[in-house]
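Just below is one structure, and these are the notes that go with it.
The values are calculated or read from the model by the stated rules, or taken from the named source; none is laboratory data. Remember, it's a predicted structure, so these values are computed and weren't measured experimentally. Using ideal geometry, Cβ is built from the backbone for each residue, glycine included, and neighbour counts are taken over all protein chains shown. Each accessible area value is taken on the protein alone, full model and side chains, heavy atoms only, with ligands, DNA and RNA left out. Shrake-Rupley method; radii C 1.70, N 1.55, O 1.52, S 1.80 Å.
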Amino acid sequence: MLRRGDFSGGEDDREVTVYSAASPLRRPRQFGRVLRQDLSTSRGLAWRLFVRDVRSQHRRSLLGYLWILLPVLASSFVWVFLDDQGVIDTEHGDVSYGVFVLIGTSLWQGFVDGLNVPFTKLDIAQGMITKYKVPPEALVMTGILEVALSQTVRMALVAIVALVAGVDSSALVLLVPLGVLALVLLGVEIGSFLAPFGLLYKDVPRAVQILTMVWFFVTPIIYSSSDAPKLDALNPVSILLVACRDLV
């Protein structure tokens, strides 16, 4: 809450920040005004933090931006190898299993990256938030920009592989970016809901890591949704992921 105070007989008027344990939702108009101000100031700050973080992440790396693709490629290779050896057998339509798995793992990685954004950004920048009054929205927006960059690179790889493999796509493929964005934002929303608890208890991010490992196998990433239709009923990720893959 912000208020004006006079500290020197009317000559020095300073702005004071008052921290209160009361919920800001008790004053919805003031809360909405502060939120709009934070979002307005967060755009420029988020872009500067994004540029700084991206440069620092790849400055000391020999492979650089290839690390964006390596996890997806490694995971896809494992499942393609298991399929080639006859360990798994799933229905994947007219496309090759390699293309099928690459699309699924790329989409899933975007969701997981979005899920982890609030945890990683808010945990790393706790000191920045308290010392410099950096809006938390700016940090989350920075993470979203980083995920957007990574996911753009992954989907570009998917497009190249699909073209080389001769996948016959229609004009509906132009809707894929909307589905990808929905997947990322779904992860960010879930992570944003859990992040405050994660700042208080370290058990929460650890539990989320275990949950995502289990969630991977109950989502039709490496197999078709027709192989396990009952698992899709309560899984919002399945709906968006299958829709994006079908559009491709």
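Output the number of residues of the stretch 52-101 satisfying the condition of being farther than 21 Å from Leu247 by Cβ and either of a type outside the set (Val, Ile, Thr) or open to solvent by less than 40 Å² (accessible area, probe 1.4 Å) (or both). Number satisfying all stated conditions: 32. Comparison of Gly191, Gly143, Gly198 shows that the only residue that is in a helix (DSSP H, G or I), modelled with pLDDT of 90 or more, out of contact with any strand residue (DSSP E or B) (no Cβ under 8 Å at 6 or more places or on another chain) and of a type outside the set (A, V, I, L, M, F, W, C) is Gly191. Given Leu211, Leu200, Leu174, Leu178, which one is within 17 Å of Leu122 (Cβ to Cβ) and without any contact (Cβ under 8 Å) to a residue 24 or more places away in the chain? Within the list Leu211, Leu200, Leu174, Leu178, the selection yields Leu200. If you go through the stretch 100-117 one residue at a time, do you hit one that is among the hydrophobic types (A, V, I, L, M, F, W, C), farther than 15 Å from Ala148 by Cα and free of Cβ contacts under 8 Å to residues at least 24 places away in the same chain? Checked against the condition, which is being among the hydrophobic types (A, V, I, L, M, F, W, C), farther than 15 Å from Ala148 by Cα and free of Cβ contacts under 8 Å to residues at least 24 places away in the same chain, the stretch 100-117 yields no hits at all.
Looking at Ser150, Ser225, Ser238, Ser170, can you tell me which residue is small (Gly, Ala, Ser), out of contact with any His (no Cβ under 7 Å at 6 or more places or on another chain) and open to solvent by 50 Å² or more (accessible area, probe 1.4 Å)?
Ser170
Is it the case, given these coordinates, that Gly127 is buried (at least 18 other Cβ atoms within 10 Å of the Cβ) and either at pLDDT 90 or above or closer than 29 Å to Ala207 by Cα (or both)? No. Taken together, the residues in the stretch 195-219 that are polar (S, T, N, Q) and farther than 12 Å from Leu115 by Cβ amount to 1.
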